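This report refers to the structure that appears directly beneath it.
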Amino acid sequence: MQFAHLADTHMGYRQYGLTERENDFFEVFDQAIEEIIRERPDFVIHSGDLFEYSRPPTRALLTAQKGILKLKEANIPIYAIAGNHDVVMRKNALPPQILYKDFGLKLISPNQPFYTVGDVFIGGAPYASKYHAKQLVERLQTIEKSSLDYGKRILVLHQGIDRYIPYEYEIKIGDVPQNFNYCAFGHIHERVVDDFGEGKLAYPGSTEIWRSNEVEGYRKNGKGFYLVDISGDMPEIENIDLKLPREFIKETIRYSELQDELNRIKEYTNSLQRKPILMVTVEGGNFNRSEVYETLNQSLSETCLAVRSNYRPTAIKEDENPFEKGKEALDIKKMIEHNLKDFNSEKVTELGTGLLKELSDGDFKAAETIAHNFYEDLYDH
Ligand SMILES: [Mn+2]
């Protein structure tokens, strides 16, 4: 008896406001579906954050629909819960996953907390905030009781646990019932597999790099999903790696070697099939950040999809105010204009720079008016 366990596919996320990045998330989801069908497991578990939002963009809904239909055609049922991103906080509201009920998706929800297939119990709950943790823990005790008569018991949750994220957890490791053979978690974007209770507790992680701090984890452990065999006494877990559509490059360069380093990076990035995301830190020396920012963008914007930069000039003397006029402070207005230029819309640029001005002045009322007018205009069209 085998199943695929994935989570945190975050479809509909448009990283850095880029369509290309939105597509990457779709592409990697398609790949996951293909791999699952190749492996032919008995079923699939998706532990939440299928989508980035509880009201996903149509393309995201469509990509999910296509994938879930393919699974249905291959006779592979999928069990899913809503994560913190795709859960709807209103009482009795339905998460978007419900749309695929007729396509074979089985939603685990407070109304239907578990399913059984022969001797296998698959139960769980949607994401609960820390504020609702107590109710969740009570719910878990009920689920545990319902599971006792089954030979193989799987728990599906989308939560942070104190053992793994000591500052942002909703439940403690002691709150997780111990009698399950496999605890199929979502929420933490790194891969985690641990011995727990009578079996294993696992987070498959996100399928794409959702935040730049996931790059190191991806290099070390890859990204993808798990193929779990629960036939024996202990579940056997195999990593299935997905190939991410583009590279994330992190570089730290010294200001004194800026030109040489930029040439080297340009040559490398030019050799790649897909434009990478480049995160670069420039350090050492006394330089003007605005100028370096422009140099970086001029030399690399053609071979990189996005250049994110960060500056650590030699420490500024304490009595100097780096934000004084004419000093090396970043020109934030210019940065906003540059980053919004892809929208090709004066209105969007005006919104960005207008908000910057009013919010820097502390005029929240004026900022609100700007935002309000922008949306009024938008929905007029
Ligand atoms: Mn997530």
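Some points to look at:
- Partner aspartates and glutamates for Lys250 [C-alpha distance under 17 Å; skip if fewer than 8 residues away on the same chain]: Glu208, Glu214, Glu216, Asp260, Glu261, Glu267, Glu283
- Shape call, segment 57-173: gyration tensor on alpha carbons, a/c limit 1.5: oblate
- Computed over the chain with a Gaussian network model linking Cα atoms closer than 10 Å, the most mobile of His132, His187, His85 is His132.
- Excluding same-chain neighbours fewer than eight residues apart, the lysines reachable from Lys66 by a Cα-Cα span under 21 Å are Lys101, Lys106, Lys243.
- Protein accessible area in the chain, 1.4 Å probe - carbon and sulfur %: 47
- Where Rh is the Kirkwood radius over Cα pairs, Rg/Rh for segment 2-241: 0.93
- Our estimate of slack between Lys101 and Arg211, defined as 0.36 nm per intervening residue step minus the Cα-Cα distance, is 36.5 nm.
- Trypsin sites (Lys or Arg not before Pro) within segment 66-162: DSSP coil, no more than 15 neighbouring Cβ in 10 Å: Arg90, Lys91
- Under the convention that each Lys and Arg Cβ holds +1 and each Asp and Glu Cβ holds -1, the size of the dipole of segment 1-97 around its Cα centre is about 460 debye.
- The chain: relative contact order in percent, alpha carbon pairs under 8 Å with at least 6 residues between: 12
- 222 nm mean residue ellipticity, helices alone, for the chain (DSSP H n ≥ 4; -39,500 (n - 2.57); rounded to 500): -10500 deg cm²/dmol
- Highest average first, the peptides 177-184, 10-17 ordered by how many other beta carbon atoms sit within 10 Å of their residues are 177-184, 10-17.
- Efficiency of FRET between Glu267 and Lys333 - r from beta-carbon atoms, R0 45 angstrom, step 0.05: 0.90
- Virtual spin-label span in nm between Leu359 and Thr314, 7 Å along Cα→Cβ: 3.5
- Glu236-Leu94 FRET efficiency (beta carbon distance; Förster radius 35 Å; 0.05 resolution): 0.50
- With Cα atoms as the point set, segment 13-60 shows a radius of gyration and Dmax of 12.5, 38 Å.
- Probe 1.4 Å, accessible area per residue of segment 332-380, Å²: 75
- Inverse mean reciprocal Cα-Cα distance (Kirkwood Rh) of segment 195-238, Å: 12.0
- Across Lys220/Lys275; Lys70/Lys130; Lys130/Lys365; Lys152/Lys223, pairs whose alpha-carbon gap is larger than 24 Å: Lys70/Lys130; Lys130/Lys365; Lys152/Lys223
- Shape class for segment 248-320: prolate, because the ratio a/c of the largest to smallest gyration tensor axis (alpha-carbon atoms, square roots of eigenvalues) is 1.5 or more and a/b beats b/c.
- Relative packing of peptides 46-58, 351-363, 302-314 - highest average C-beta neighbours within 10 Å first: 46-58, 302-314, 351-363
- If R0 is 22 Å, the Cβ-Cβ spacing of Lys130 and Gln65 corresponds to a FRET efficiency of close to 0.10.
- Only Cα sites of segment 332-380 enter the Debye sum here, all with the same form factor; the resulting log10 I(q)/I(0) across q = 0.21, 0.30 1/Å is -0.71, -1.08, listed in q order.
- Rounded to 5, percent antiparallel among DSSP beta bridges of the chain: 35
The values are calculated or read from the model by the stated rules, or taken from the named source; none is laboratory data. Since the structure is predicted, the reported quantities are computational estimates derived from the model, not experimental observations. Using ideal geometry, Cβ is built from the backbone for each residue, glycine included, and neighbour counts are taken over all protein chains shown. When the accessible area is computed, the model is the full protein with side chains, heavy atoms only, and any ligands, DNA or RNA have been set aside. Shrake-Rupley method; radii C 1.70, N 1.55, O 1.52, S 1.80 Å.
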